[in-house]
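The values are calculated or read from the model by the stated rules, or taken from the named source; none is laboratory data. If you're wondering where the values come from, they're calculated on a predicted model, not measured in any experiment. All Cβ positions, even for glycine, are placed from backbone atoms using ideal geometry, and neighbour counts span all protein chains on display.
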């Protein structure tokens, strides 16, 4: 759709929902595989490979989405919406972009800095080789550094969960309390909340 339309473009909508579904899957899968016992090492390894594949995919799709967003104007927020809510909405969108790029990148740092990086290669979906970042060959304590990156990755996951919760709550507020068209911008078949 053109700038000034009453909803996001079809490309933006498709990217939004595809990335959202993958992020929810990544969060659920990440906590599941992290808590698997050592007796399930084979399954855990396989799940980590899938986790890396989807993480890289999310990062690349987010870069596409960001480029699309910078070249396609989104629908306007309601004129009656308080200024602080508009600032919060923009801040949340910026926060999502930061997290959607930072989380996979930090995950990439985790595997690249791992002491097992030389022996365990990453193949996206078992097919496309994804290289490790080259900064860690001469690091003395690779295990400790990788652990620190893993802690950061987990903290970013909790930040994503919090931001997702706020995002969903705000969308529902617009639909059922404000009864405006904000949610229908991203859900084309949805009508604005009944008055």
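No other residue among 124, 109 is touching a strand residue (DSSP E or B) at 6+ places or on another chain (Cβ under 9 Å), farther than 23 Å from residue 186 by Cβ and surrounded by 14 or more Cβ atoms within 10 Å (Cβ to Cβ) apart from 124. Pairs are defined by a Cβ separation below 7 Å, a sequence spacing of at least 6 or placement on different chains, a first member in the stretch 87-112 that is farther than 17 Å from residue 67 by Cβ, and a second member that is assigned to a helix (DSSP H, G or I) and modelled with pLDDT under 95; the pairs so defined are 112/136. Restricting attention to the stretch 63-86, and to residues there that are loosely packed, with under 14 Cβ neighbours inside 10 Å and within 21 Å of the chain's Cα centre (by Cα), which single residue is farthest from residue 152 (Cα to Cα)? Among them, the one singled out is 71.
Among the candidates 57, 9, the residue that is closer than 30 Å to residue 189 by Cα and touching a strand residue (DSSP E or B) at 6+ places or on another chain (Cβ under 9 Å) is uniquely 57. When the test is whether a residue is within 22 Å of residue 13 (Cα to Cα) and over 23 Å from the mean Cα position of the chain (by Cα), residue 179 passes it.
On the basis of being outside any loop (DSSP other than H, G, I, E, B), exposed (fewer than 12 other Cβ atoms within 10 Å of the Cβ) and modelled with pLDDT under 95, does residue 176 make the cut?
So residue 176 fits the description; yes.
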